[in-house]
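For reference, the structure discussed in these notes is given below.
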């Protein structure tokens with residue numbers, strides 16, 4: 001059996017843990033630059049009808065009238081809360097794959113429980129007690145069935161928050177209660193094709209001939225089809241594979257016309273991407289830099305350009321990557337446009353111990369080793385003292401271009417200045 005532990009309205013729930021006044025009230029968490037709703041409380045969904053992706057300005061009246069609260073995305077807080085949840089889960093179900101910031105799969109094969117459902121209910125209670133975040137647990141013989149079981153736990157088993165699909169009757173009932181375009185692995189595009197073919201539920205999908213599914217939806221569709229029929233086709237990934245490319249980009253809080261703030265933003269994005277690359281002990285041989293205006297302006301005011309740079313020698317050195325990225329940006333920058341975004345993508349990643357030395361390099365092995373140690377020291381300082389403690393000068397300090405986060409809550413669990421102070425009377 002496989003269990004899926006999924007946090008309910010995770011971003012909203014994490015905000016409520018440290019701000020009790022937000023509980024039992026309609027609220028949502030906004031996307032980058034406070035653009036639209038990406039997490040909604042049950043009250044916001046049911047009472048106010050706010051849908052995923054509802055723009056900020058369409059909710060303003062409800063907020064100003066006191067019916068709705070909102071917060072900017074606080075990913076530092078959310079990641080730390082998820083770390084705490086997965087640690088609690090690991091104590092009960094150690095064979096764990098962290099699938100996303102609010103979900104983890106657990107392989108229960110080989111684990112013997114007198115009552116698996118009661119064990120899951122007890123685990124859910126511990127998570128709520130220790131972190132304050134409500135979760136639901138779905139259990140099935142495959143990952144796809146566990147996904148369906150989790151949704152049914154949220155929808156039909158609100159009291160226990162757990163649904164165990166362990167009998168043919170439960171599986172059939174669960175598949176009949178699941179719309180075909182809501183199945184993990186099918187999605188809207190194939191869902192439309194299946195509905196046109198008269199297939200409306202997951203159960204009806206499993207009754208199709210396998211050859212028809214393969215012809216209509218290729219290998220991915222057949223894998224989902226077999227998973228729904230109880231055959232494991234999606235293996236657990238206990239160790240995430242190394243990334244083959246790392247990209248970083250953000251929309252600015254206002255349109256930018258000058259080169260200097262673009263260079264400052266790009267330097268920050270390169271530093272973030274390079275840090276992630278070093279974390280997996282890789283180097284890159286190419287980098288792509290791009291700049292673009294808003295797609296919603298008049299066509300004559302639109303501009304999008306990218307350029308790919310091949311490095312003379314693969315590296316993970318932030319200074320070298322920033323230097324090459326800024327050269328590329330200056331080549332594609334055209335004065336007069338109002339830029340909305342710049343971005344960086346590190347490509348052609350490979351292990352840092354499999355780099356062939358450049359015969360014409362002026363950098364000695366001794367100096368290269370020292371630079372590698374220096375980068376490791378910078379990463380450790382920024383990890384211990386907070387991102388941005390040690391930076392390159394081109395990254396700047398004011399960051400007027402940075403994301404709009406007008407409603408950002410405190411980093412309650414990761415920054416000493418933001419820890420809640422309790423006064424005993």
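The values are calculated or read from the model by the stated rules, or taken from the named source; none is laboratory data. Bear in mind the structure is a predicted one, so any value in this text is a computation, not a measurement. Note that each Cβ is placed from the backbone with ideal geometry, even for glycine, and that neighbours are counted across all protein chains shown.
Listed values, structure above:
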read-out: Residue in segment 281-293 that is closer than 16 Å to residue 368 by Cα and free of Cβ contacts under 8 Å to residues at least 12 places away in the same chain present; value: no
read-out: Residue check for residue 9: under 16 Å from the mean Cα position of the chain (by Cα) and more than 29 Å from residue 126 (Cα to Cα); value: no
read-out: Scan of segment 26-43 for residues that are closer than 19 Å to residue 250 by Cα and part of a strand (DSSP E or B), ordered by number; value: 29, 30, 36, 37, 38
read-out: Some residue of segment 393-409 being over 16 Å from residue 275 (Cβ atoms) and not in a loop (DSSP other than H, G, I, E, B); value: yes
read-out: Subset of segment 135-160 that is touching a helix residue (DSSP H, G or I) at 6+ places or on another chain (Cβ under 6 Å), surrounded by fewer than 24 Cβ atoms within 10 Å (Cβ to Cβ) and not in a helix (DSSP H, G or I) - its residue that is modelled with the lowest pLDDT; value: 160
read-out: Options 275, 247, 251: the member that is in a helix (DSSP H, G or I) and touching a residue at least 60 places away in the same chain (Cβ under 8 Å); value: 275
read-out: Selected residue (only one of 404, 410 is modelled with pLDDT under 80, in contact with a helix residue (DSSP H, G or I) (Cβ under 7 Å, 6 or more places away or on another chain) and surrounded by 13 or more Cβ atoms within 10 Å (Cβ to Cβ)); value: 404
read-out: Elements of type helices (runs of 4 or more DSSP H) in segment 167-233, at least 3 residues being touching a strand residue (DSSP E or B) at 6+ places or on another chain (Cβ under 8 Å) and either at pLDDT 90 or above or surrounded by fewer than 21 Cβ atoms within 10 Å (Cβ to Cβ) (or both); value: 168-176
read-out: Residue check, residue 267 surrounded by fewer than 16 Cβ atoms within 10 Å (Cβ to Cβ), part of a helix (DSSP H, G or I) and modelled with pLDDT of 90 or more; value: no
read-out: Candidate set from segment 22-43 (those that are within 14 Å of residue 8 (Cα to Cα) and under 16 Å from the mean Cα position of the chain (by Cα)); member that is surrounded by the most Cβ atoms within 10 Å (Cβ to Cβ); value: 29
read-out: Residue among 84, 90 that is surrounded by fewer than 17 Cβ atoms within 10 Å (Cβ to Cβ) and free of Cβ contacts under 8 Å to residues at least 40 places away in the same chain; value: 90
read-out: Positions within segment 315-332 being farther than 15 Å from residue 271 by Cα and buried (at least 19 other Cβ atoms within 10 Å of the Cβ), in sequence order; value: 328, 329
read-out: Segment 334-372, residues that are surrounded by fewer than 19 Cβ atoms within 10 Å (Cβ to Cβ), at pLDDT 90 or above, in a loop (DSSP other than H, G, I, E, B) and in contact with a strand residue (DSSP E or B) (Cβ under 7 Å, 6 or more places away or on another chain); value: 338
read-out: Number of positions in segment 1-25 that are more than 28 Å from residue 148 (Cβ to Cβ) and either in a loop (DSSP other than H, G, I, E, B) or out of contact with any helix residue (DSSP H, G or I) (no Cβ under 9 Å at 6 or more places or on another chain) (or both); value: 6
read-out: Residue check, residue 145 over 15 Å from residue 216 (Cα atoms) and in contact with a strand residue (DSSP E or B) (Cβ under 7 Å, 6 or more places away or on another chain); value: no
read-out: Failed item, numbered, when residue 254 is tested on (1) over 30 Å from residue 402 (Cβ atoms); (2) at pLDDT below 90; (3) out of contact with any helix residue (DSSP H, G or I) (no Cβ under 9 Å at 6 or more places or on another chain); value: (1)
